[in-house]
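Notes follow once the structure below has been shown.
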Amino acid sequence: MTSLSSGWLVLIFALPVAVLFCLSGGVAWAGRSMGDGVTVDWPRRLLASAVGLMPEDGRGWGSAMLAELDAIAGRVERLRFGAGCLRIALFPPAPAQGSHPWLDAARRLSPGCGALSILLPVTGPALLCIGTIVIGGLERRNDVHGLGVLMETRVGVAVIAAVASIALGMPLGIAGLLQAERCRWLSVAGSVFSASIFPYLFVVSLVVGRPGAAAGAAGLSDPAPREPVDAILKLFET
Amino acid sequence: MKRSRRVSPQTASVVVALAAEPQARRYGYDLCQETGLKAGTMYPILIRLVDQGLLETNWEETHAPGRPPRHLYRLTASGLALARDLARAAVPATEAKPSRPHLGLEGAK
């Protein structure tokens with residue numbers, strides 16, 4: 001059975017993630033540099049980032065916590081106070097029971113929408129990549145080809161979970177935008193990443209499936225042309 | 001105000017601290033120091049008290065240059081009534097152990 005080497009698998013899955021982080025980090029850094037230029041220490045920086053993820057109606061409290069932190073002297077005390085506030089900013093207390101429990105639940109979820117829209121699509125391919133490498137290693141160690149029925153079922157479930165986590169990035173990103181989260185770039189980056197990872201894998205599969213240098217460089221022992229879907233499946237074969 | 005509401009010892013300690021000087025506006029960090037509560041406990045209490053109309057907030061008008069204005073807290077009339085109820089119930093909030101979630105008075109939720 002043909003296979004891609006572990007190094008190439010890692011490269012294929014890590015490339016879009018690296019691009020995502022570089023772009024997101026660059027945008028975030030540029031935005032911070034263009035901001036008010038207030039000197040920040042770590043407690044404040046962490047808390048300010050978390051406050052940026054809070055829903056709009058909770059940001060007043062986030063600003064209050066930041067202002068309170070600014071008034072505290074002493075490194076240890078600032079760390080303690082900042083840590084407590086960070087927890088509240090990330091996990092705000094449940095609002096009073098309203099007449100719309102679904103809306104209340106959505107509001108509680110909203111702080112993480114932008115962050116989750118990036119986290120889930122990144123985690124999915126990473127887990128797939130790690131799982132593929134581990135299974136390949138197990139097969140090589142046991143000198144077997146193909147997976148058992150039980151393992152195939154597990155792999156199938158893992159693939160479905162990974163695909164779902166990638167696909168969830170889009171609705172989560174849109175939810176983050178609808179919730180008008182302050183760090184909109186998180187939602188935008190998550191949506192774009194989620195939407196582009198499947199076309200990316202498709203293009204990669206075309207490149208890998210093509211005979212010649214690319215296939216040879218990818219370590220394929222079977223240089224014959226393959227259908228794209230078959231080539232995608234080959235990505236996950238070891 | 002719902003008088004059937006039960007109040008946690010931590011919430012009671014915050015209300016009592018604020019009721020000690022009903023007209024004074026207090027900072028959140030000062031309340032933390034006075035009650036011994038951590039910020040992670042204090043702010044949910046403050047948020048819920050505000051949601052329930054027991055506490056009023058405003059931003060300080062004069063503040064140190066280079067620093068953002070801080071939040072100030074003061075009990076509303078309903079909050080003061082709750083404080084009186086707590087005093088009447090003679091529940092010694094300061095004796096309450098934090099590990100005991102409720103004193104027969106439960107979370108302000």
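Side notes on the structure shown:
- Of all residues in the stretch A:67-78, those satisfying the criterion of being more than 11 Å from chain B (Cβ to nearest Cβ) and either of a type in the set (Phe, Trp, Tyr) or not in a loop (DSSP other than H, G, I, E, B) (or both) are A:Arg75, A:Val76.
- Close pairs (9 angstrom Cβ cut-off, 6 or more residues apart or separate chains): without any contact (Cβ under 8 Å) to a residue 12 or more places away in the chain and at the interface with another protein chain (Cβ under 7 Å from one of its Cβ atoms) in the stretch B:41-56, in a helix (DSSP H, G or I) and open to solvent by less than 20 Å² (accessible area, probe 1.4 Å) anywhere: B:Pro44/A:Ile88; B:Ile47/A:Gly58; B:Ile47/A:Ile88
- Residue, nearest to B:Leu80 (Cα to Cα), within the stretch B:26-57, restricted to residues that are open to solvent by 40 Å² or more (accessible area, probe 1.4 Å) and touching a Cys at 6+ places or on another chain (Cβ under 9 Å): B:Thr41
- Answer residue from the stretch B:58-77, given it is open to solvent by 50 Å² or more (accessible area, probe 1.4 Å) and not in a strand (DSSP E or B) and is modelled with the highest pLDDT among those: B:Ala77
Quick grid of which residues meet (1) at pLDDT 75 or above; (2) closer than 21 Å to A:Val17 by Cβ; (3) open to solvent by less than 50 Å² (accessible area, probe 1.4 Å):
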| position | (1), (2), (3) |
| --- | --- |
| A:Asp70 | yes, no, yes |
| A:Ala83 | yes, no, no |
| A:Phe91 | yes, no, no |
| A:Gly98 | no, no, yes |
| A:Trp102 | no, no, no |
| A:Gly137 | no, no, yes |
| A:Leu168 | yes, yes, no |
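- The residues on offer are A:Val149, A:Val157, and the sole one that is at pLDDT 70 or above and either open to solvent by 70 Å² or more (accessible area, probe 1.4 Å) or hydrophobic (A, V, I, L, M, F, W, C) (or both) is A:Val157.
- Applying the set (1) modelled with pLDDT of 85 or more; (2) more than 8 Å from chain B (Cβ to nearest Cβ); (3) out of contact with any helix residue (DSSP H, G or I) (no Cβ under 6 Å at 6 or more places or on another chain) to A:Ala28 leaves exactly one unmet item: (1).
- Filter result for A:Ala64 (at the interface with chain B (Cβ under 8 Å from one of its Cβ atoms), assigned to a helix (DSSP H, G or I) and surrounded by fewer than 18 Cβ atoms within 10 Å (Cβ to Cβ)): no
- Of all residues in the stretch B:9-40, those satisfying the criterion of being within 11 Å of another protein chain (Cβ to nearest Cβ) and in contact (Cβ under 8 Å) with a residue 12 or more places away in the chain are B:Tyr27, B:Gly28, B:Leu31, B:Leu37.
- Unique match (being within 13 Å of the chain's Cα centre (by Cα) and hydroxyl-bearing (Ser, Thr, Tyr)) among B:Thr62, B:Thr57: B:Thr57
The values are calculated or read from the model by the stated rules, or taken from the named source; none is laboratory data. Being a predicted model, the structure only gives us computed values, none of them experimental. Because the Cβ atoms are built from the backbone with ideal geometry, glycine has one as well, and the counts that use them run over all protein chains shown. Accessible surface areas use protein heavy atoms only, side chains included; no ligands, DNA or RNA. Shrake-Rupley method; radii C 1.70, N 1.55, O 1.52, S 1.80 Å.
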